[in-house]
Amino acid sequence: MRSNLRYRAELAAWTTPGGVGRRDGVPRQAFGPRDLHTALPLRDFALGTGAPTTTVTFEPDPTLILLFTTGDAPADWLRAGAALQRVLLTATLRGLAATPLSQLLEVPKLRALLADSITGEVVQTVLRIGYPTTLAPATPRRAIEDVIVTTSDDGSSP
């Protein structure tokens, strides 16, 4: 994917130079380091901006969490999101950091390999989880009125 120009352009659109004037996207201060040995396929946010990132040696045996559902319909996605919310809140309460490895699920053949062939369960989320050595800086968020929809497409109330 790193050589795909469309991928790099989309990544650049979501990474902002220092968060200037935006309430969404990923500012440079939140890019994080890359794995020196590239053992974990973490998204390189700096790829779209050309900004240099540091490399560090990650732990050799990271803890990975896979969240599965019994199906792959919108209702399953919502259940997975609710479960993910609980996992992330619990991790935060316990001082853990979580890094989504969503890029693993963006390639259909790879996502299929992660499915459970015996039970038919589908992986919805992959997280790398552990105790951080440094705290990540806060990132900007959109105002709640920008993300909560209170009318339907035709302008009527739901």
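Residues in region 60-86 that are open to solvent by 80 Å² or more (accessible area, probe 1.4 Å), in a loop (DSSP other than H, G, I, E, B) and either charged (D, E, K, R) or touching a Cys at 6+ places or on another chain (Cβ under 9 Å) (or both): 1 in all. Scanning region 87-121 for residues that are part of a helix (DSSP H, G or I) and either surrounded by fewer than 10 Cβ atoms within 10 Å (Cβ to Cβ) or in contact with a helix residue (DSSP H, G or I) (Cβ under 8 Å, 6 or more places away or on another chain) (or both) gives Leu93, Leu104, Leu105, Pro108, Lys109, Leu110, Arg111, Leu114. Taking region 122-144 as the range and being aliphatic (A, V, I, L, M) and either part of a loop (DSSP other than H, G, I, E, B) or more than 21 Å from Thr90 (Cβ to Cβ) (or both) as the test, the residues that pass are Val122, Leu135, Ala136, Ala138, Ala143, Ile144. Val122 falls short on exactly one of the conditions (1) touching a strand residue (DSSP E or B) at 6+ places or on another chain (Cβ under 9 Å); (2) more than 30 Å from Leu5 (Cα to Cα); (3) of a type in the set (A, V, I, L, M, F, W, C), and that condition is (2).
The values are calculated or read from the model by the stated rules, or taken from the named source; none is laboratory data. What you are looking at is a predicted structure, and each value in this text was computed from that prediction instead of being measured. Counting neighbours? That spans all protein chains shown, and the Cβs are built from the backbone with ideal geometry, glycine included. For accessibility, only protein heavy atoms count, side chains too; no ligands or nucleic acids. Shrake-Rupley method; radii C 1.70, N 1.55, O 1.52, S 1.80 Å.
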